[in-house]
Amino acid sequence: MTAALPLTRKDFQTDQEVRWCPGCGDYAILAAVQSVFPELGVPREKFAMVSGIGCSSRFPYYMNTFGFHTIHGRAPAVATGLKVARPDLEVWVATGDGDSLSIGGNHTIHMLRRNVGLKVLLFNNKIYGLTKGQYSPTSEIGKKAKSTPFGSVDRPFSPLALALGAGATFIARSVDVIQPHLKTTLRRVASHKGTAFTEILQNCNIFNDGAWDAVAEKDVRDDNILFLEHGKPLVFGKARDKGIRENGFDIEVVTLGDGVTAADLVVHDEQHPSPAYAFMLASMDSRPGFPTPVGVLRAIDHAAYEDQVNEQVQQIVASKGKGDLGKLLHGPETWEIK
Amino acid sequence: MSTSTATAPPEAPRGTKREILESAVVRFCGDSGDGMQVTGSQFTNTAALFGNDLSTFPDFPAEIRAPQGTLPGVSGFQVNFSSTEVHTPGDSVDVLIAMNPAALKTNVADLRAGGILIVNSDSFNEVDFKKAKIKSNPLEDGSLAGFRVFQVDLLKLTKAATKDTGLDAKSVDRSKNFFALGMCYWLFGRSMEGSLRWIDAKFKGQIAEANKLTLRAGYAYCEATEAYQTAAYEVAPARLPAGTYRNLSGNSALAMGLIAASERSGLPLFLGSYPITPASDILHELSMYKNFGVITFQAEDEIAAVTSAIGASYGGCLATTTTSGPGMALKMEAIGLAIAVELPLVVVDIQRGGPSTGLPTKTEQADLFQAVFGRNSEAPLPVLAPATPGDCFWIALEACRIAIKYMTPVIVLSDGYLANGAEPWRVPSIDDLPAFPTKFRTDPEGYKPFMRDPETLARPWAVPGTAGLEHRIGGIEKQDVTGNIDYEPLNHDKMVRLRAAKVAGVVADVPDVVPAGDPEGDVVIVGWGSTYGSITAAMHALRAKGHKVGHIHIRHMNPLPKNLGEAMKRYKKVLVPEINLGQLAFILRGTYLVDAISYSKVEGKPFKTIEIENKVLEVMK
C-alpha cells in the first residue's frame, strides 16, 4: 500500500517477526528510528536502508522502506553506488563494529573520505554477536571471549577517532537506552549533507552484557557521560559540578567551585576549524577519569560526493553536448569499402 | 645476406618498383621506453585506412620501465596486414625492427628465413650486449646469416634530422622510433599523412616538429638508399564486405558496447572499477564519455567496485564492473549476492596469465572455471565470450540485454589479447543494434519481490523511490514469491532449482551453433574466445589441403547452445584448443559425454595457426 504523508511510526513497521534476542539494545534503536523517520517529511518510498552482516544488519527487514541486506562489510560500498546513482534517495546504513570496522574497514574509511551522503548507524556492542561471542575490533584489551579465552591482546579502535582520521564531516555518539538523546541525534544525522557517522553504544545482553553500563545505567551514568551541546561549556556529573578545561595542548577534568567557573571550561564547537578538537573528544573515553562525550562531536559543511559526481556529468553534457552514439561508433577515422 | 650501413642518406634513384605481397607481418620491438606500442599502432592505423584487413598483437612487459636495454624490458607490437581476409597476427614475422640487442635476442626466433631485419646499430655495442646477456656481436658472428639484415644508425640519423630544432639529447633519443616508422612506411609504400596529423594532435612545439622531421627522414632515407630498393613491397587493400570501417581494439569495443547498451536500454550506465591490467583501459575510456551520462566510480578495491555496481543496479542503473582474474576472485562473494537478490549486473573479466599476479600483461583463457563455477554453493550465471576484438562490442551489448531480461549477473570473458589487439571493424548503423527498452515495475497491485515472469523466470525490477513497492532483499535465503527470510528445507531446494532453471532458460536466447567449414567430417575444432582467429586460419588451411574439418566457436559459454552436443557428433574427432589446461574440454566432456581432445598451450600468447593445423593432422591419424 502507498503510504500518505504525514507518516506515523506504524508506517515504518513491517509484518516480519523481529528476531533479535529479547533484551537486545537493537530494539531500542529500531524504536527510535521508527519514531524519527515520520518526522522527517520524506515519503516512505524514498528511504533505502542498506546493511551488511551481523545482528545490526538485520535492521532493514524490520523497516517498511526499501531495504537491502547485503554481505559482510560491504554496506558502505553498496550504499555508495546506490546514492551516487540515486541522489534523490535517503540512504541509511545499519552496521556493527565487526561489520564496518573489521571486514568492511576499507569501505568505511573511503565512504568517509569521499563524504558520500549516507546516514551511518554503527551499533557498537564491542563483540561479535551473530557468530556467538568473539571479541571485536572495539573490544577492550584483555577481553575474554570465545576466541580469546585468555584475554585479547589487540588494541581497540575508537570508531569516531577513526572516522575523523578518514576526514569525516559529521560524527556523533549516542546510547541505545537514552531514547530522547538518541532521537535528537538521529534528527541531526538526517539533516547532514555528506556522511553522517554515528556510533550508537549498544548492549548485547547475551555475549557482552553490561559493556556500556557506566554510560547507560541511570544511577551511575551522569558521572560518566558528557552531553555535548554546541556553544555550551563541557560540563558533566550528577551535580553538574565537573568540567573539561584546556591545559596547554591537553585537557583536564576540573571541579567547578573554588574559583573555577563555567567560563574557564572548553566551549563545545561542532564546527571547530581543527579536527584535533573533535579527536580530543572522540578519544576522551579511553582516558581514566574522563567522561564519555555523547551528541554531535563534529558537523562541518562540505559538498556531498554524489552531488559532485552528478554535477560533473551535467557539466560535461552541457559543455560537450549530449553524447552521439553514431559518432562514437565511427571513432576518429573511418574508411569506406564499396 | 644483404647489408647496408649508413649514417647519412646517399643519393639514389626514385621511382621504385615494388614487389606485390598478399600479406605481410611486421613486428616492432625495442625497449619499453622506445615507443614500440605507439609505432605499431601508427603503422596499424595507416594500414587500416589504406584498406588492408589486419590483426595486431601488442606484447609488452608488466614493468613500466624495466632497466633500459635488458631482456625483461623488451616491448613488441606485431601487425599482420593483408589484401585478403586476416584472422591472426601471423605465425612468423616478415619484417622485424629491433631497436636494441635485447629486442633482437628475444624476437629473432620468430623472423622467417629470408625475412627482413632492421636493427638499430647504434645500440649494438658492448654495454648493450652485456645488458642483453649476449656474448658476441650478432651482427658479426654470422648468427643472422639467414636474414636480410639492414643496419641503421637510428640515433645518429635522428640527431641529424632534428639538429635544427634545438631539442635536448634525451628528447631526440625518444624520437628515433619515428625514424623506424618512416622507414616502414617507405618499405610498404604507405602515406605518412595519418601519422603526421596524429603527431600534430598528440605533441606540441619542438617535440612535434622533431617527430615529424624524424618520420620524414626515415622515409627519405629508404627512398634514397639503394639497398632498400630491393625491399620495397606493396600489399593491396583487402576485399572486405562493403561498409564503413574503423580500426578497433577489444577494450574500446567493450566500452562502446556498454554505452550502446545504455542507450538501447534507456538506462544510465554505472561502472564501478578498480585499476587492473589489462582491464583498466575500459575504465579510462568510459570515464571520457560522461556526456553519455555515464557514471564511472573508481572504487577503493575490487569488492567495492562490484558492490557499488550492485547498489547502482538496485537503484535502476545499467551497472557493470570491469576487472581481470585476480579481481574476479575478490568479487565472487558479491557476484553471489547479485545472483541471490537477482539484480542485473555485467561483470567483465579481461583474462590474463595466472594464478595470483601471474603474467599481468599476457593473455590466457584460464578463468572459464572461475566464471562458470567460482562461487560458493549453487550459483549459476550466464557467461559470454567474445571471439575477436570487434566482437567485444556485440558481446557487451548481448551481456547487458541478457542481464536485464533475466535479472541476473552476466560474466563476459575477454582476454589480454582481445583487449589490446585491434582489427578493422565495420561500423554498424544504430538501427542495426538490438533495442531493449527497460521498464521498472511500478504497479503495487499484486506485487511481490520474488514473483516471476512465467517465461523468463525473471523477478520484477522495482527500484527504490517507487511508492507502494517498498520491499526488502538480501543474501539470506528468501521465501519463494514473497522474498521474506525463509530457512525451510523445501523452500531452499525450490529456490536453488528456480535460480538454476532461470539461468538454464537463457538458452532460449542463445543461437544454435553453425559450424564453419565442413558441417560433418573428420575433425571439428571447438574453441571459444580469442582463439577464433588461429582456429579459423587453421581450418581454412586444412580444408584447402582437402581435409574434412569444421570449426565451432562458442560465444555463449553458459548456458551452452542447444544443438552443440548434436553438432559435435557429426565429426569423428573433437579437438578443443585452449590457452589453459583444458577447461572447455572438461565442461564438454562432462556435459555431453563427448570424447573431446584437449589441446593446451599456456605461454601467455595466442596459438599459431600452424600449431593447430599440425594438431588436427595428428589427431586425424
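Summary of values
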{"item": "Relative contact order %, the range A:28-109, counting alpha carbon pairs below 8 Å whose residues are six or more apart", "result": "31"}
{"item": "Beta bridges by DSSP in the range B:324-415, antiparallel share as percent, to the nearest 5", "result": "10"}
{"item": "Flagged links, alpha-carbon separation over 23 Å, of A:LYS320/B:LYS331; B:LYS405/B:LYS478; A:LYS218/A:LYS242; A:LYS327/B:LYS204; B:LYS131/B:LYS176; B:LYS573/B:LYS615", "result": "A:LYS320/B:LYS331; A:LYS327/B:LYS204"}
{"item": "Chain B, relative contact order [Cα under 8 Å, separation at least 6], %", "result": "12"}
{"item": "Rounded Å value of the spacing that divides the Cα centres of the range B:495-527 and the range A:197-237", "result": "63"}
{"item": "The range B:243-289 versus the range A:1-66: alpha-carbon centroid distance in Å", "result": "39"}
{"item": "Extension gain from A:ALA239 to A:ALA262, taking 0.36 nm per residue of separation minus the Cα-Cα distance", "result": "6.9 nm"}
{"item": "At R0 = 35 Å, FRET efficiency that the Cβ-Cβ distance of B:PHE203 and B:ASP301 yields, to 0.05", "result": "0.45"}
{"item": "Whole-angstrom gap from the range B:99-122 to the range B:569-621, using each part's C-alpha centre", "result": "33"}
{"item": "Peptide A:57-66 - average C-beta neighbours from other chains (10 Å radius)", "result": "4"}
{"item": "Partner chain coverage, peptide A:316-326 - average Cβ within 10 angstrom", "result": "4"}
{"item": "Amide N proximity, the range A:18-34 versus A:LEU40 label position 7 Å along Cα-to-Cβ, cut-off under 16 Å", "result": "A:29-34"}
{"item": "Size of electric dipole in chain B: Cβ of Lys, Arg +1 and of Asp, Glu -1, about Cα centre, debye, nearest 20", "result": "420"}
{"item": "Top positive-direction residue, dipole computed over the protein assembly as shown with Cβ charges, set A:GLY257, B:PRO241, A:GLY210", "result": "B:PRO241"}
{"item": "Modelled FRET efficiency - R0 30 Å, B:LYS156 with A:ALA318, Cβ distances, 0.05 increments", "result": "0.05"}
{"item": "Which of B:ARG216, A:ARG74 has the fewest Cβ neighbours within 10 Å, and the rest in rising order", "result": "B:ARG216, A:ARG74"}
{"item": "Average beta-carbon neighbours from other chains, 10 Å sphere, peptide A:44-52", "result": "4"}
{"item": "Value of [θ]222 nm, deg cm²/dmol, for the protein assembly as shown, DSSP H segments ≥ 4, -39500 (n - 2.57) each, nearest 500", "result": "-10000 deg cm²/dmol"}
{"item": "Protection proxy ranking of A:24-34, B:73-83 - average other beta-carbon atoms within 10 Å, highest first", "result": "B:73-83, A:24-34"}
{"item": "Qualifying GluC sites (Glu not before Pro) in the range A:130-237, DSSP loop, other Cβ atoms within 10 Å at most 15", "result": "A:GLU140, A:GLU217, A:GLU229"}
{"item": "Label point distance in nm, B:ALA227-A:HIS330, each placed 7 Å from Cα along Cα→Cβ", "result": "4.6"}
{"item": "Protection proxy ranking, peptides B:541-551, B:341-351, A:75-85, average beta carbon neighbours within 10 Å, highest first", "result": "A:75-85, B:341-351, B:541-551"}
{"item": "The range A:233-263: trypsin sites (Lys or Arg not before Pro) falling in loop per DSSP and having at most 15 other Cβ within 10 Å", "result": "A:LYS238, A:ARG240"}
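Each value in this text was obtained by applying a stated rule to the coordinates, not by laboratory testing. These numbers were taken from a predicted model, which means no experiment stands behind them. No Cβ is skipped: glycine too gets one built from the backbone with ideal geometry, and neighbour counts run over all protein chains shown.
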